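The values are calculated or read from the model by the stated rules, or taken from the named source; none is laboratory data. Values in this document were obtained by computation on a predicted structure and should not be read as measured data. Cβ coordinates were reconstructed from backbone atoms using ideal geometry, including for glycine residues, and neighbour counts include every protein chain displayed.
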């Protein structure tokens, strides 16, 4: 295994570890489902797994993906910063969302509209963390395949966000509309 493989594995253990821990703890505390059954969420979860798998596969062969060998250290540094940013956004999102955290939309559940913490700067910081992961792995491995997959991933994440926005507009009406007008979908 290469150093890039280890970097990706460590990042995924940390990022997915936060995700699974939050899901496990919240499911036990609430004693109700926290994963919605909807196409957007299921497709995105499957795609995330495929993207990570492809990145790991590409990382196993140093010569198969490097555009220029000398760019490796710079690429690792930039990618490392992006991975740290994704871990921060992921942790802040999971923390600040509290008991309102769900995987996908669950129409029959009412959750609090969270506008505090990281949600003051982005309406979708957890999804933004995934977009940053796409960028981080693409930069690290300098792969055209990952660049194309990142574009597809952005489309899937955007579809999930639009579904969630429709749900929040119905559940929180004027309160969500006010929030939507003051806080950017991604970052701002």
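Confirm whether residue 9 is in contact with a helix residue (DSSP H, G or I) (Cβ under 9 Å, 6 or more places away or on another chain), modelled with pLDDT of 85 or more and under 16 Å from residue 145 (Cβ atoms).
On the way: in contact with a helix residue (DSSP H, G or I) (Cβ under 9 Å, 6 or more places away or on another chain): yes; modelled with pLDDT of 85 or more: yes; under 16 Å from residue 145 (Cβ atoms): no.
No; evaluated as a whole, the condition is false for this residue.
The residue list 89, 82, 97 contains one member that is under 20 Å from residue 169 (Cβ atoms), without any contact (Cβ under 8 Å) to a residue 60 or more places away in the chain and part of a helix (DSSP H, G or I), which is 97.
Run down 136, 159, 129 and say which single residue is under 21 Å from residue 45 (Cβ atoms), touching a helix residue (DSSP H, G or I) at 6+ places or on another chain (Cβ under 9 Å) and at pLDDT below 95. That would be 159, the only listed residue that is under 21 Å from residue 45 (Cβ atoms), touching a helix residue (DSSP H, G or I) at 6+ places or on another chain (Cβ under 9 Å) and at pLDDT below 95.
Taking the criterion of being closer than 15 Å to residue 137 by Cα, surrounded by 16 or more Cβ atoms within 10 Å (Cβ to Cβ) and either over 13 Å from the mean Cα position of the chain (by Cα) or at pLDDT 85 or above (or both), would at least one residue in segment 22-45 satisfy it? Outline the logic, then answer.
Going through segment 22-45, the residues closer than 15 Å to residue 137 by Cα turn out to be none.
For segment 22-45, residues closer than 15 Å to residue 137 by Cα, surrounded by 16 or more Cβ atoms within 10 Å (Cβ to Cβ) and either over 13 Å from the mean Cα position of the chain (by Cα) or at pLDDT 85 or above (or both): absent.
Output the residue which, of all residues in segment 57-71 that are at pLDDT below 65 and within 17 Å of residue 135 (Cβ to Cβ), is surrounded by the most Cβ atoms within 10 Å (Cβ to Cβ). Here the residue is 65.
Close contacts from segment 27-45, counting a first residue that is without any contact (Cβ under 8 Å) to a residue 40 or more places away in the chain and at negative phi and a second that is assigned to a helix (DSSP H, G or I) and surrounded by 14 or more Cβ atoms within 10 Å (Cβ to Cβ), with Cβ to Cβ under 9 Å and a gap of 6+ residues or different chains, come to 39/159; 39/163. When residue 176 is tested against (1) closer than 22 Å to residue 85 by Cβ; (2) at pLDDT below 95; (3) surrounded by 13 or more Cβ atoms within 10 Å (Cβ to Cβ), just one condition goes unmet, and that condition is (1).
Can you name every residue in segment 136-149 that is touching a residue at least 40 places away in the same chain (Cβ under 8 Å) and crowded, with 20+ Cβ neighbours inside 10 Å?
Those that are touching a residue at least 40 places away in the same chain (Cβ under 8 Å) and crowded, with 20+ Cβ neighbours inside 10 Å: 136, 137, 139, 140, 141, 143, 146.
Restricting attention to segment 111-124, the residues that are under 17 Å from residue 85 (Cβ atoms) and either touching a strand residue (DSSP E or B) at 6+ places or on another chain (Cβ under 6 Å) or buried (at least 23 other Cβ atoms within 10 Å of the Cβ) (or both) add up to 1.
Hey, does segment 72-79 have a residue that's modelled with pLDDT under 85 and assigned to a helix (DSSP H, G or I)? Scanning segment 72-79 turns up at least one residue that is modelled with pLDDT under 85 and assigned to a helix (DSSP H, G or I).
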